[in-house]
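Written below as structure tokens is the structure these notes are about.
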Amino acid sequence: METDHTDARISPGAAPRSPALAQAVAAPLTRAAIFLVVTLNPGSENRAILRSFCGDLAALVRAVEFRDLEGGLSCVMGFGANAWDRLFGAPRPAELHPFREIRSGARHAVSTPGDLLFHIRAKRMDLCFELATQIMARIGDAVSPVDEVHGFRYFDDRDLLGFVDGTENPRGEAVIDAVMVGQEDAAFAGGSYVIVQKYLHDINGWNALSTEVQERIIGRTKLSDIELDDFVKPTSAHSALTTIVEDGKEIKILRDNMPFGRAGHGEFGTYFIGYSRSPRTIEQMLENMFVGRPPGNYDRLLDFSRAVTGSMFFAPSATFLEAVSDDRSVALAAPLAGDPAAAAGCLSTPRRGDGSLGIGSLKGEIPHE
């Protein structure tokens with residue numbers, strides 16, 4: 001699946017006076033990716049390094065991208081709840097919170113540390129690797145690495161279990177409505193919530209199953225990727241439990257999952273990354289998978305796949321990142337037209353000559369460490 005929304009200008013449902021420019025959340029799917037999760041080290045000097053870097057990220061991507069303009073290089077930067085409070089203070093995106101751990105029987109959706117996420121994509125791994133190297137050269141003293149996964153596209157967009165992944169991703173304009181915050185949180189319009197999990201698979205156990213049993217667990221045919229008929233597909237199928245319907249309408253998310261592994265170590269996995277307008281959609285999917293819908297009717301895929309990480313982030317708009325400065329002033333996306341309450345409640349009036357973009361500023365107190 002490929003979309004053409006690498007430069008999507010946002011505000012679903014309304015036209016802001018000065019639309020925020022989104023990060024490359026909806027960039028086309030690529031053959032290679034690096035998922036880099038780090039924590040922010042204590043100290044005001046480390047906060048200053050990160051704040052300074054926010055405005056420089058786009059230029060750094062352009063510099064590496066220039067080596068191969070056809071390479072499709074992009075990077076999305078996301079912030080965890082704790083890092084947001086330390087870097088930017090209040091207000092925080094309305095639904096940003098730490099990843100919620102889920103336990104049910106032997107199934108465990110773990111919550112693991114993560115202050116910043118860098119989702120780096122390109123057609124070539126060397127471009128991804130070079131950008132990750134340059135990012136860490138800039139911020140390495142201010143952060144501690146937690147997890148780094150190098151993902152690859154496996155044959156015809158399949159995971160290591162042999163099934164096509166991401167078939168139901170939204171397409172075209174539907175991507176914007178599915179993943180970008182709009183007037184419901186006007187100060188952060190153009191941003192997107194991101195949930196990541198690293199799953200390790202019991203490949204030997206999975207491959208011991210017949211194709212028919214595997215298809216009933218996934219809910220799709222293995223060869224042709226056709227969804228099983230509802231009369232055949234179990235209610236515990238992965239595709240059934242991860243379908244979220246509200247008021248008769250299916251609520252979509254954008255997945256850019258990637259296989260990864262180390263054959264010599266017997267490690268075979270899938271890195272799940274889901275972007276959504278609200279994290280509640282993905283959280284409900286995980287609840288259905290791990291607990292069951294109804295409880296006990298859980299996703300049998302979890303008998304063969306184990307989550308070893310879990311974190312939530314908010315990827316603000318590129319406009320937001322470009323406006324971050326070291327003086328604790330962060331320009332936000334403009335309030336939506338005709339919404340004075342949002343303007344009064346979310347944004348303060350910038351002072352003349354204070355270096356802001358004149359589209360609102362964030363003046364929250366940042367806690368000292």
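Can you name the residue in the range 154-179 that is free of Cβ contacts under 8 Å to residues at least 24 places away in the same chain and acidic (D, E) and, of all such residues, is least open to solvent (accessible area, probe 1.4 Å)?
So the residue we want is D156.
Hey, can you tell me all the residues within the range 286-298 that are open to solvent by less than 20 Å² (accessible area, probe 1.4 Å) and either touching a helix residue (DSSP H, G or I) at 6+ places or on another chain (Cβ under 7 Å) or more than 15 Å from T243 (Cβ to Cβ) (or both)?
Within the range 286-298, N288, M289, F290 qualify.
Name, by its number, the condition in (1) modelled with pLDDT under 90; (2) more than 29 Å from D247 (Cβ to Cβ); (3) open to solvent by less than 40 Å² (accessible area, probe 1.4 Å) that does not hold for G358.
Here G358 clears every test but (3).
Looking only at the range 201-219, how many residues end up being of a type outside the set (V, I, T), within 25 Å of the chain's Cα centre (by Cα) and either more than 11 Å from L161 (Cα to Cα) or in a helix (DSSP H, G or I) (or both)?
The total comes to 1.
Counting just the residues of the range 108-120 that are in a loop (DSSP other than H, G, I, E, B) and closer than 29 Å to L57 by Cα, which one comes out most open to solvent (accessible area, probe 1.4 Å)?
Once the filter is applied, the top-ranked residue is P113.
Take the range 244-264 and flag every residue that is of a type in the set (A, V, I, L, M) and either in contact with a Lys or Arg (Cβ under 8 Å, 6 or more places away or on another chain) or under 24 Å from V196 (Cβ atoms) (or both).
Listed by number, the residues that qualify are I244, I251, I253, L254, M258, A263.
If you take the residues in the range 29-55 that are modelled with pLDDT under 95 and within 16 Å of the chain's Cα centre (by Cα), which one is surrounded by the fewest Cβ atoms within 10 Å (Cβ to Cβ)?
L29
The rows are residues; the columns are (1) aromatic (F, W, Y); (2) touching a helix residue (DSSP H, G or I) at 6+ places or on another chain (Cβ under 6 Å); (3) open to solvent by 20 Å² or more (accessible area, probe 1.4 Å); (4) touching a residue at least 12 places away in the same chain (Cβ under 8 Å).
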site: V181; (1), (2), (3), (4): no, yes, no, yes
site: F188; (1), (2), (3), (4): yes, no, no, yes
site: G191; (1), (2), (3), (4): no, no, no, yes
site: I195; (1), (2), (3), (4): no, yes, no, yes
site: K198; (1), (2), (3), (4): no, no, yes, yes
site: N204; (1), (2), (3), (4): no, no, yes, no
site: E215; (1), (2), (3), (4): no, no, yes, yes
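Taking the options S325, S311, S329, S276, name whichever one is modelled with pLDDT of 50 or more, more than 21 Å from the chain's Cα centre (by Cα), open to solvent by less than 70 Å² (accessible area, probe 1.4 Å) and within 27 Å of L116 (Cα to Cα).
After ruling out the rest, the residue left standing is S325.
Taking the condition of being touching a residue at least 12 places away in the same chain (Cβ under 8 Å) and more than 20 Å from the chain's Cα centre (by Cα), how many residues in the range 56-85 meet it?
Total meeting the criteria: 9.
Which condition does S104 not pass, out of (1) of a type outside the set (D, E, K, R); (2) within 30 Å of E70 (Cβ to Cβ); (3) modelled with pLDDT of 95 or more, if it passes all the others?
S104 satisfies every listed condition except (2).
Of all residues in the range 68-90 being at pLDDT 95 or above and open to solvent by 20 Å² or more (accessible area, probe 1.4 Å), which is nearest to D147 (Cα to Cα)?
The selected residue is N82.
Is there a residue being basic (K, R), in a loop (DSSP other than H, G, I, E, B) and surrounded by fewer than 22 Cβ atoms within 10 Å (Cβ to Cβ) anywhere in the range 130-153?
The answer is yes, given that some residue of the range 130-153 is basic (K, R), in a loop (DSSP other than H, G, I, E, B) and surrounded by fewer than 22 Cβ atoms within 10 Å (Cβ to Cβ).
Scan the range 97-107 and tell me whether some residue there is surrounded by 17 or more Cβ atoms within 10 Å (Cβ to Cβ) and in contact with a Lys or Arg (Cβ under 8 Å, 6 or more places away or on another chain).
No, there is no match, as no residue in the range 97-107 is surrounded by 17 or more Cβ atoms within 10 Å (Cβ to Cβ) and in contact with a Lys or Arg (Cβ under 8 Å, 6 or more places away or on another chain).
The values are calculated or read from the model by the stated rules, or taken from the named source; none is laboratory data. It should be emphasised that the depicted structure is a prediction, and the values quoted were computed from it without experimental measurement. Methodologically, a virtual Cβ is constructed for each residue, glycine included, from the backbone with ideal geometry; neighbour enumeration extends over all protein chains shown. Areas reflect the complete protein model, heavy atoms only, side chains present, ligands, DNA and RNA absent. Shrake-Rupley method; radii C 1.70, N 1.55, O 1.52, S 1.80 Å.
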